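Down below is the structure, laid out as structure tokens.
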Amino acid sequence: MAEAYICEAVRTAGGRRNGRLSREHPADLGGLVIDAVLDRTGVDPAAVEDVVFGCVSQIGPQTFNLARTSILSSHLPVSVPGVTVDRQCGSSQQAVHFAAQAVLAGSQDLVIAGGVESMSQVPILSAMTTATKAGMLSPFAGRKMQERYPGQEFSQFEGAEKVAKKYGVTKDELDQFAYDSHVRARQATEAGRFSEELVPVEVELEDGTQTTHDVDEGIRWEPDLEAIRGLEPLAEDGLISAANASQITDGASAVLVASEEAVKKYGLKPLARIHTMAVVGSDPTMVLEGPIPGTEQVLKKAGLSIDDMGVYEVNEAFGSVPLAWQKALGADYDKLNVNGGAQALGHPLGATGSKLVGSLVYEMRRRNERYGLLAICEGLGTANATILERVE
């Protein structure tokens with residue numbers, strides 16, 4: 001039976017909006033993480049058969065196939081092709097899935113999967129502005145879709161509220177989770193738990209100063225629970241506030257996916273095996289509920305239970321998503337996003353999936369856990385779920 005292995009996983013530290021990474025071209029960030037994978041593994045660049053990158057806002061500096069422009073900004077030869085995918089917030093998790101599927105099918109042996117998003121240079125929803133200017137009835141919904149869902153705006157903010165209310169997530173729980181995210185991220189940083197995954201970025205600040213960016217900028221080092229609780233919700237009578245939602249972030253990440261044959265041929269050291277993958281659709285008006293059926297499906301396919309998972313990452317697009325997921329599946333809060341999540345570390349849309357693959361792999365190895373699970377909610381109700389198995 002064919003296998004697909006994660007043999008390296010890297011990421012940049014998250015850059016805050018208009019922060020240290022905001023002046024870096026997205027393709028340069030992509031090239032940086034590609035080169036880090038090559039340098040760490042020592043694999044022949046010409047042996048890489050494809051690069052699959054996620055990116056959500058494919059406009060401006062992120063247009064014209066960002067995977068290819070990242071390749072041309074790296075040490076990979078021009079013979080290596082690339083493709084950019086959009087599965088919304090799970091884009092680079094889907095990139096990992098596509099890479100694994102190519103390896104499992106036997107059509108490729110070495111694929112770099114990852115993603116990039118510069119949300120400072122290409123603000124979220126930028127592409128929707130273009131669609132509106134083109135005279136469409138809605139930025140992404142044509143007549144048929146509007147007929148099927150009359151009057152629906154498909155808002156992620158509304159979806160976050162709906163998910164919280166459906167699964168009984170309270171404002172106190174949301175605010176405590178946001179606080180815990182920052183505390184866990186601070187503790188992980190201070191303990192050096194991100195050192196294996198982080199790639200330093202040499203940056204020039206606005207005043208011309210040269211510095212190294214290697215710490216996630218979004219972490220609040222001394223979070224104040226009462227201050228978090230005191231923030232006004234984004235909607236009247238709502239639960240979601242700026243504190244319990246993900247941060248706008250710049251960043252890039254990449255993993256090397258290899259076949260068993262490539263592992264032997266190039267002397268690679270697998271970190272984890274991609275055990276089972278799933279992708280689902282769910283109610284697009286709820287928008288963010290997909291990780292729940294996605295997890296149910298991937299566990300069923302694997303013949304495993306949530307209790308078999310030693311640790312899990314569920315993206316904190318909004319705090320209500322992982323908390324609803326935890327309640328619905330009976331998951332252990334103490335195994336959830338143990339080093340903090342997007343509320344503290346940020347959510348560089350197209351880079352988040354492969355970023356969390358790396359974070360999950362390294363934490364599984366630290367804890368000596370056999371299985372780990374990753375699930376990410378995505379726009380219009382889709383979700384990816386992945387089970388990884390640690391390799392000795």
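Just so you know, all these numbers are worked out from the coordinates, no wet-lab data involved. Predicted model only: the values in this text are computed from it and were never measured. Using ideal geometry, Cβ is built from the backbone for each residue, glycine included, and neighbour counts are taken over all protein chains shown.
For region 182-310, the orientation-averaged shadow of the C-alpha convex hull comes to 13.7 nm² (one quarter of the hull surface).
When both region 91-124 and region 287-356 are represented by their alpha-carbon centers, they are found 19 Å apart. State whether region 135-231 is rounded, prolate or oblate according to the following rule on the C-alpha gyration tensor (a ≥ b ≥ c being the square roots of its eigenvalues): a/c under 1.5 gives rounded; otherwise a/b larger than b/c gives prolate, and the remaining case gives oblate. Taking the square roots of the gyration eigenvalues as a ≥ b ≥ c, region 135-231 is oblate. So which of LYS162/LYS300; LYS165/LYS355; LYS166/LYS301; LYS300/LYS327; LYS166/LYS327; LYS335/LYS355 end up more than 20 Å apart, counting from Cα to Cα? Pairs exceeding 20 Å: LYS162/LYS300; LYS165/LYS355; LYS166/LYS301.
Cβ crowding within 10 Å ranks ASP308, ASP334 as ASP334, ASP308, fewest other Cβ atoms first. Neighbour counts of C-beta atoms inside 10 Å place SER70, SER359, SER155 in the sequence SER155, SER359, SER70, starting with the fewest. The label-point distance for GLU236 and GLU190, in a model that sets each label 7 Å from Cα toward Cβ, rounds to 4.3 nm.
Can you work out ³J(HN,Hα) from phi for every residue in region 330-341, in order, using Karplus 6.51 cos²θ - 1.76 cosθ + 1.60 and θ = phi - 60°, giving whole Hz and x for Gly and Pro? Karplus values, whole Hz, x for Gly and Pro: x, 7, 7, 4, 6, 9, 9, 6, 5, 10, x, x. The string of couplings for region 183-195 from the Karplus curve (6.51, -1.76, 1.60, θ = phi - 60°) is 5, 5, 5, 4, 4, 5, 5, 5, 7, x, 6, 9, 4 Hz, one whole number per residue in order, with x for Gly and Pro. Available extension along the chain between ASP214 and SER107 is 34.9 nm, counting 0.36 nm per residue and deducting the alpha carbon span. Look at SER305, SER246 and count the other Cβ atoms within 10 Å of each Cβ; fewest to most, that gives SER305, SER246.
Modelled spin labels at GLU147 and LEU72, positioned 7 Å past Cα toward Cβ, are 4.2 nm from each other. Using all C-alpha to C-alpha distances in region 348-392, build P(r) with 5 Å bins and read off the rounded percent in each one. Histogramming region 348-392 at 5 Å steps yields 5, 21, 30, 19, 13, 8, 3, 1 percent.
In percent, rounded to a whole number, the relative contact order of region 92-232 is 15, using alpha-carbon pairs under 8 Å and six or more apart.
Taking a ≥ b ≥ c as the square roots of the eigenvalues of the alpha-carbon gyration tensor, region 246-311 is classed oblate because a/c is 1.5 or more while a/b is no larger than b/c. Taken as Cα centroids, region 174-247 and region 1-22 sit 17 Å apart, rounded to the nearest whole angstrom. Relative to the current alpha-carbon distance between THR170 and HIS25, full extension at 0.36 nm per residue lengthens the span by 48.2 nm.
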